[in-house]
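The next block holds one structure in the form of structure tokens; read it before the comments.
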Amino acid sequence: MPEISILPAVQTFIEQTHQLYIDGRYTPAQSTDTLAVFNPATGQQISSVPNASAEDVDRAVASAHKAFTSGVWRNLPPCAREATLLKLATLVERDAEILAQLETLEQGQSVVLSRILEAGGACNWIRYVAGLSTKITGQTLDVSIPLPPGARYTAMTRKEPVGVVAGIVPWNFPLLIAVWKVLPALAAGCCVVAKPADTTPLTLLYLAHLATEAGVPDGVFNVVTGAGTTTGDALIRHPQIAKISFTGSTPVGKHIAVVSADRLTRLSLELGGKNPALVLADADPEQVISGLAMAGYINQGQVCAACSRVYIEGPLFDTIAEGLKNALASMKPGPGMDETTQINPVASLAHQQKVLSYIQDAVNAGADIAWGQEPPQNGGFYVRPALILNPDPSLRLAREEVFGPVMTLTRVESAEEGLALANDCEFGLAASVWTRSLAQAMELPPRMQAGTVWVNSHVMIDPNMPFGGVKNSGLGKDFGTGWLDAFTETKAICIRH
């Protein structure tokens, strides 16, 4: 099947002269520097965006701070904020194919994935978090204050928006994760300055325009594009930023934590993972093979929760290894705009080179590698997917987050050995257990050092299920009924009567 046709609206948006989004409109940057946007399937430049300066960031933050101080958004009745955000979901649904194609053209992933997880997922998450706008609650408290004798008091708490939020979005799911940064802040009554990754800025710029169309007041939702070392650094250091929400690598997250410590800026970090799966001898082989093939290679493994290392009890090892080899060999490589492909390019040239360096180290060490099909040799940012059997623990790809289409399988003698190896890692984002034993399904997940543990599944998330890591995988939780807590302050009020 040939590649699908690019919609005229998508082509027009890509080709326009892009600006920043400040105070409810596209606004020229003061900086004359720009960043190129490439199509990962061809390696060709398709667009460019401003590389915003510190002065540009200051304009965006000033707009957000003015909007917050005025109360134009936070003082709306909660049901009015909810209605506006629900309208935004409807507009995202209306323009879903535009957003999906933009996402594929700038990020490289399958357009099928962009439709289901990005545009479709964005609608679901927006609607979920919109409903939280009307669920912000405090408490009434009985207190026992002894002075002055005989005085009576009533105490209560209320949740108040923190102020201006900096949302820093990664490149692996640019639209969906942008929603995870922006929407809970808006639902809580905050104002936002969002920065997309420098390689994938287009869908966030489009989303900001839809928010204005939905009725989000000017200045409440701003977007600055640019490099992390310039635009991003100016944003996290700005004195009027009250909270930073960041998803990305652990080294960058730690840098942000150091910077934010100086002003005690509130912080949420969703960082890297080296996510294990523990497969017990009684597991259903077909379920394991199909589940891990998707969990390891979806979006070319560029998923923070992707399964990258698998520990399999001996009796099942050969069956699972053979099944995953066959699954990998069946995956068709090609551009994301071809709906029949399953292996697409990674998001950038720099990332391609990084992933290839991990694989080359394994090749040089004589690792036992099963390969997927050869990808196109057309200048695109492709990586041939790999499955490494019983890797030497000293290999970098056995210890570090590769964030690419690479999975390791290791034979273990027992569940206890597999559990120990799964936990022997600096990361703790996600993990999974595969078994038909109810006792093991109940007993093993609490012992796994991860923020999320699936049983007979992996990488599946939902707006109502909290998500976040432990150890070097981050701080704080996204999603769930308590999602807005990270964007609000709890104020205690005590009344003598």
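Conditions tested, residue by residue: (1) open to solvent by 10 Å² or more (accessible area, probe 1.4 Å); (2) within 30 Å of residue 478 (Cα to Cα).
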{"position": "285", "(1), (2)": "yes, no"}
{"position": "288", "(1), (2)": "no, yes"}
{"position": "311", "(1), (2)": "yes, yes"}
{"position": "319", "(1), (2)": "yes, no"}
{"position": "355", "(1), (2)": "no, yes"}
{"position": "377", "(1), (2)": "yes, no"}
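Yes/no matrix, rows are residues, columns are (1) farther than 28 Å from residue 105 by Cα; (2) surrounded by fewer than 24 Cβ atoms within 10 Å (Cβ to Cβ):
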position	(1), (2)
191	yes, no
197	no, no
201	no, no
204	no, no
213	no, yes
217	yes, yes
225	no, no
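Going residue by residue through the range 326-335, is there one that turns out to be closer than 28 Å to residue 117 by Cβ, basic (Lys, Arg), at pLDDT 95 or above and in a loop (DSSP other than H, G, I, E, B)? Looking for residues that are closer than 28 Å to residue 117 by Cβ, basic (Lys, Arg), at pLDDT 95 or above and in a loop (DSSP other than H, G, I, E, B), one finds at least one in the range 326-335, hence yes. Name the one entry in 478, 462 that is charged (D, E, K, R) and surrounded by 14 or more Cβ atoms within 10 Å (Cβ to Cβ). Within the list 478, 462, the selection yields 478. One residue stands out in the range 379-416 among those that are open to solvent by less than 70 Å² (accessible area, probe 1.4 Å) and charged (D, E, K, R): the one that is farthest from residue 458 (Cα to Cα), namely 400.
Where strands (runs of 3 or more DSSP E) fall entirely within the range 109-197, those with at least 3 residues that are of a type outside the set (Val, Ile, Thr) and touching a strand residue (DSSP E or B) at 6+ places or on another chain (Cβ under 7 Å) are at 153-161, 191-195. Screening the candidates 232, 253 for the property of being modelled with pLDDT of 95 or more, farther than 17 Å from residue 469 by Cβ and not β-branched (Val, Ile, Thr) yields one hit, 232. Counting only residues that are among the polar types (S, T, N, Q) and under 23 Å from residue 29 (Cβ atoms), which one in the range 50-101 is surrounded by the most Cβ atoms within 10 Å (Cβ to Cβ)? In this case the residue turns out to be 63.
Listed by first and then second residue, the pairs with beta-carbon distance under 7 Å, at least 6 apart or on different chains, first residue in the range 451-474 and touching a residue at least 40 places away in the same chain (Cβ under 8 Å) and under 15 Å from residue 422 (Cα atoms), second open to solvent by 60 Å² or more (accessible area, probe 1.4 Å) and not acidic (Asp, Glu), are 470/449; 471/449.
Of the residues making up the range 136-178, just one is closer than 30 Å to residue 306 by Cβ and open to solvent by 50 Å² or more (accessible area, probe 1.4 Å), namely 171.
Going by the structure shown, is residue 200 outside any helix (DSSP H, G or I), out of contact with any strand residue (DSSP E or B) (no Cβ under 7 Å at 6 or more places or on another chain) and either among the small types (Gly, Ala, Ser) or touching a residue at least 40 places away in the same chain (Cβ under 8 Å) (or both)?
When the stated conditions are applied, residue 200 passes them.
Filtering the range 417-458 to residues that are part of a loop (DSSP other than H, G, I, E, B) and closer than 14 Å to residue 469 by Cβ leaves 425, 426, 429, 448, 449, 450, 451.
Looking only at residues in the range 32-49 that are of a type in the set (Ser, Thr, Tyr) and surrounded by fewer than 18 Cβ atoms within 10 Å (Cβ to Cβ), the one that is farthest from residue 381 (Cα to Cα) is 32. Of all residues in the range 236-248, at least one satisfies being open to solvent by less than 20 Å² (accessible area, probe 1.4 Å), in contact (Cβ under 8 Å) with a residue 60 or more places away in the chain and of a type in the set (Lys, Arg).
The values are calculated or read from the model by the stated rules, or taken from the named source; none is laboratory data. Because the structure is predicted, anything quoted here is derived from the model rather than measured. Reconstructed Cβ throughout: ideal geometry from the backbone, glycine too, with neighbour counts over all protein chains shown. For the accessible areas, the whole protein counts, side chains as well, though only heavy atoms, and no ligand, DNA or RNA atoms are used. Shrake-Rupley method; radii C 1.70, N 1.55, O 1.52, S 1.80 Å.
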